[in-house]
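Take a look at the structure below.
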Amino acid sequence: YLGRIRLFDGEFGSRQQRQAKATLLQQIEADTLRLAIMRLEAKFRQLKMKSRIVMAIHDAVYVESPDEEEELARYWIKRIMEEAVELPIIPLEVEIR
């Protein structure tokens, strides 16, 4: 979807079809998250914010933010992550806790 290619050797049976579908979903998720994180870091720097991405694990991103920036950080996290890529059919939804 985002330009990735996975090659399969030999016969392309039902097992390889399942792997191909799983690869597609996993790579879309990984690429989308990576793109969103890069854009979010850039936005924090652009706005000279003290908020920082601490780590990303699977589909979770952990951000530290001073109290005075919390509302602004929440706004940009949600907006940037939900708009990272345009996926057909499936809208991206971000939950912030």
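The values are calculated or read from the model by the stated rules, or taken from the named source; none is laboratory data. Since the model is a prediction, treat every value here as computed from it, not as a measurement. Note that we place each Cβ from the backbone using ideal geometry, even for glycine, and neighbour counts take in every protein chain shown. Ligands, DNA and RNA are excluded from the accessible area calculation, which covers all protein heavy atoms including side chains. Shrake-Rupley method; radii C 1.70, N 1.55, O 1.52, S 1.80 Å.
Available extension along the chain between residue 68 and residue 50 is 5.5 nm, counting 0.36 nm per residue and deducting the alpha carbon span. Accessible surface area normalised per residue over the chain is 80 Å², counting heavy atoms of protein chains with a 1.4 Å rolling probe.
With angles folded into 0 to 90 degrees, how steeply does helix 70-82 sit against the dominant principal axis of the chain? Use alpha carbons for both and round to 10. Compared with the principal axis, the helix lies near 20 degrees. The radius of gyration of the Cα set in the chain, together with its Dmax, comes out at 16.8, 58 angstrom. So how far, in whole Å, is the C-alpha centre of segment 47-96 from the one of segment 1-27? Answer, in whole Å: 29. A Cβ-based charge dipole, computed about the Cα centre of the chain with Lys and Arg at +1 and Asp and Glu at -1, lands at about 320 debye.
Here's the picture: charge each Lys and Arg Cβ at +1 and each Asp and Glu Cβ at -1 in the chain, and of 12, 36, 87 the one pushed furthest to the positive end of that dipole is 12.
Using a 1.4 Å probe on the protein chains only, how many percent of the accessible area of the chain belongs to carbon and sulfur? About 52 percent, which is the carbon plus sulfur part of the accessible surface.
For segment 45-60, backbone phi angles converted through the Karplus equation (6.51, -1.76, 1.60; θ = phi - 60°) give residue-by-residue couplings of 5, 4, 8, 6, 7, 8, 4, 9, 7, 8, 6, 10, 10, 6, 10, 10 Hz, Gly and Pro being listed as x. Relative to the current alpha-carbon distance between residue 24 and residue 59, full extension at 0.36 nm per residue lengthens the span by 11.0 nm.
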